[in-house]
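The values are calculated or read from the model by the stated rules, or taken from the named source; none is laboratory data. From a predicted model like this one, the values you see are computed outputs, not experimental measurements. In this analysis, Cβ positions are derived from the backbone assuming ideal geometry, glycine residues included, and neighbour counts consider all displayed protein chains. For the accessible areas, the whole protein counts, side chains as well, though only heavy atoms, and no ligand, DNA or RNA atoms are used. Shrake-Rupley method; radii C 1.70, N 1.55, O 1.52, S 1.80 Å.
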Amino acid sequence: MTILTVALLTTVCNQAIADGIEFNHGNWEEVKATANKEHKIIFIDFYTTWCAPCKFMAQTIFPLKDVGDFYNKNFVCIQVDAEKGEGIELKRKYGISAYPTMIFTNEKEEVIHRAIGSSTGSEFIAQGKVALTASPDEFAELKAKYLKNELNKDELYKYFIRVKALGKDKEINEVFDKYFAIAANVSMEMFNEITDNVNSPDSKAFVYLEQHREGFYNVAGKEKVDKYIRNTYIEDVEYNRYKSNEEYLAAMDKLKTKVNLTEKEALNIDANYYCATKDKDHYMVAASKLATNYYYLNKDDFQLSNLIGGASRFALSNDEWLTVKSWAEHALSIKDNALNNASLALVYKNLKNKEQALAYINKSLEDCRRDNETYASRIEMFKKEIENAVY
């Protein structure tokens with residue numbers, strides 16, 4: 001599968017909205033040159049085509065006007081597919097292991113701040129503000145005092161934020177645990193600090209929150225507290241890296257003792273895991289159940305598109321492409337737009353039906369013009385790929 005083909009099925013194609021973040025489409029050297037010329041920090045969004053939180057950020061957060069205003073003014077912004085082209089080397093360079101990961105680098109390509117996972121618009125802007133105020137000299141001073149156990153509570157929290165930017169999980173947890181040991185209390189402020197910084201059920205802060213659940217209900221509300229606890233357990237399994245399917249299945253069994261998972265949630269976790277581990281057979285089973293049992297009934301063309309994007313990562317048999325074809329047809333019946341027509345073009349290309357593939361890619365181009373989309377050039381390139389296909 002070519003980069004263009006996969007990119008056609010991702011939200012990268014959908015997010016170029018005038019009010020949102022204006023991403024630089026140059027290569028890494030060109031991006032660095034632009035940043036140096038404009039004296040700006042580089043903001044890098046590391047994503048993958050199969051990552052649901054990445055799609056959420058691209059579809060929901062990056063297009064926001066206040067987000068665009070802030071990031072366009074202060075940063076040179078770039079999106080990097082961590083599994084394609086330059087993204088593979090940049091992923092190694094910056095130690096990316098979870099998605100989405102947002103990296104802020106200075107003119108020396110040094111990481112000055114890092115954020116992992118999806119967030120609200122206000123939280124995302126707050127991350128940018130941290131990056132703008134980061135100082136290498138201040139970090140060195142804080143580290144020296146930390147090693148001597150001389151940091152007060154406020155300094156310890158500031159040091160934690162900076163260590164978090166380096167993305168070293170062991171140090172992050174160690175520093176936050178030290179901060180939490182002297183700052184622990186049942187308050188809305190502490191609830192926000194825990195929910196912003198703790199994503200492991202093994203954290204002392206998470207255990208404290210569970211043990212004081214009733215108190216946190218009073219300050220933050222039962223629904224918000226329970227949602228955080230539930231999501232932390234689920235995401236701990238969903239974003240972990242497992243040595244074997246047996247280890248993953250054991251983690252799922254343990255999760256079900258902590259959280260009352262719906263079948264849809266369990267299938268979604270399975271689909272993401274098997275897609276990431278390139279287990280085609282198990283992915284197709286989970287994805288097919290999600291499509292027929294939920295997304296068809298809910299008329300959810302966006303999630304059907306996600307399934308198609310995941311399936312396109314595999315070398316599928318003709319019968320499997322026919323299954324994906326049914327997903328694409330349902331998505332198009334729900335919403336006639338450029339992405340859904342392009343999805344069917346992709347399917348027909350892989351079914352070696354050039355005539356139908358061209359018909360749908362031409363319809364996709366018509367939809368781009370109708371909806372004033374900005375990614376028509378990508379679809380034009382995919383059209384040439386279809387035209388040049390030899391079966």
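Six or more apart or on different chains, Cβ atoms under 7 Å: show the pairs whose first residue is in the stretch 326-345 and farther than 16 Å from Leu358 by Cβ and touching a residue at least 12 places away in the same chain (Cβ under 8 Å) and whose second is charged (D, E, K, R) and open to solvent by 30 Å² or more (accessible area, probe 1.4 Å). As it stands, the answer is Ile334/Lys299; Asn337/Asp371, since those pairs meet every condition given. Restricted to the stretch 100-115, and to residues there that are open to solvent by 20 Å² or more (accessible area, probe 1.4 Å) and without any contact (Cβ under 8 Å) to a residue 60 or more places away in the chain, the residue that is nearest to the chain's Cα centre (by Cα) is Val111. For the stretch 75-85, check the following and say yes or no: at least one residue is aromatic (Phe, Trp, Tyr) and modelled with pLDDT of 95 or more. Within the stretch 75-85, one or more residues are aromatic (Phe, Trp, Tyr) and modelled with pLDDT of 95 or more. Across the stretch 332-370, the number of residues qualifying as surrounded by fewer than 20 Cβ atoms within 10 Å (Cβ to Cβ) and of a type in the set (Ser, Thr, Tyr) comes to 1.
I need the full set of residues from the stretch 259-301 which are of a type in the set (Asp, Glu) and more than 30 Å from Glu210 (Cβ to Cβ), in order please.
The answer is Asp279, Asp281, Asp300, Asp301.
Of all the criteria given as (1) open to solvent by less than 40 Å² (accessible area, probe 1.4 Å); (2) at pLDDT below 90, the one not satisfied by Phe206 is (2).
Residues that are touching a residue at least 24 places away in the same chain (Cβ under 8 Å), over 25 Å from the mean Cα position of the chain (by Cα) and either under 23 Å from Leu255 (Cβ atoms) or part of a helix (DSSP H, G or I) (or both) within the stretch 186-215 comprise Met188, Lys204, Tyr208, His212, Gly215, listed in sequence order.
Tallying residues that are more than 23 Å from His39 (Cα to Cα), open to solvent by 100 Å² or more (accessible area, probe 1.4 Å) and not hydrophobic (A, V, I, L, M, F, W, C) within the stretch 132-151 yields 4.
Looking at the stretch 320-331, can you tell me whether even one residue there is under 23 Å from Pro63 (Cβ atoms), at pLDDT 95 or above, part of a helix (DSSP H, G or I) and open to solvent by less than 50 Å² (accessible area, probe 1.4 Å)? Within the stretch 320-331, one or more residues are under 23 Å from Pro63 (Cβ atoms), at pLDDT 95 or above, part of a helix (DSSP H, G or I) and open to solvent by less than 50 Å² (accessible area, probe 1.4 Å). Total residues in the stretch 36-60 satisfying the condition of being surrounded by fewer than 22 Cβ atoms within 10 Å (Cβ to Cβ), of a type outside the set (Asp, Glu), in a helix (DSSP H, G or I) and touching a residue at least 24 places away in the same chain (Cβ under 8 Å): the figure is 5. I need the full set of residues from the stretch 234-271 which are within 18 Å of the chain's Cα centre (by Cα) and open to solvent by 30 Å² or more (accessible area, probe 1.4 Å), in order please. Glu235, Asp236, Glu238, Tyr239, Asn240, Arg241, Glu265, Asn268, Asp270 - these are the residues of the stretch 234-271 that are within 18 Å of the chain's Cα centre (by Cα) and open to solvent by 30 Å² or more (accessible area, probe 1.4 Å).
The criterion of being within 27 Å of the chain's Cα centre (by Cα), over 30 Å from His282 (Cβ atoms) and small (Gly, Ala, Ser) does not hold for Ala342.
Condition check ((1) in contact with an Asp or Glu (Cβ under 9 Å, 6 or more places away or on another chain); (2) closer than 20 Å to Ala52 by Cα) across all residues:
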{"site": "Ala291", "(1), (2)": "no, yes"}
{"site": "Tyr295", "(1), (2)": "yes, yes"}
{"site": "Asp301", "(1), (2)": "no, yes"}
{"site": "Asn318", "(1), (2)": "no, no"}
{"site": "Leu344", "(1), (2)": "yes, no"}
{"site": "Val347", "(1), (2)": "yes, no"}
{"site": "Glu355", "(1), (2)": "no, no"}
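Just one of the numbered conditions (1) farther than 28 Å from Asp367 by Cα; (2) open to solvent by 10 Å² or more (accessible area, probe 1.4 Å); (3) of a type in the set (Phe, Trp, Tyr) is not true of Tyr296: (1). Restricting attention to the stretch 273-287, report how many residues are open to solvent by 30 Å² or more (accessible area, probe 1.4 Å) and part of a helix (DSSP H, G or I). Result for the stretch 273-287: 5.
Out of Ala291, Ala276, I need the residue that is touching a Leu at 6+ places or on another chain (Cβ under 8 Å) and of a type outside the set (D, E, K, R). Which one?
Ala291
So is Tyr71 of a type outside the set (D, E, K, R), part of a helix (DSSP H, G or I) and buried (at least 19 other Cβ atoms within 10 Å of the Cβ) or not? In short, yes. Between Lys91, Lys129, Lys164, the distinction of being in a helix (DSSP H, G or I) and surrounded by fewer than 18 Cβ atoms within 10 Å (Cβ to Cβ) belongs to Lys129 only. Every condition in (1) under 26 Å from Asn199 (Cα atoms); (2) aliphatic (A, V, I, L, M); (3) assigned to a helix (DSSP H, G or I) holds for Met102 except the one numbered (3). Among the residues of the stretch 27-41, are any in contact with a strand residue (DSSP E or B) (Cβ under 9 Å, 6 or more places away or on another chain) and closer than 30 Å to Gln303 by Cβ? No; the residues of the stretch 27-41 include none that is in contact with a strand residue (DSSP E or B) (Cβ under 9 Å, 6 or more places away or on another chain) and closer than 30 Å to Gln303 by Cβ.
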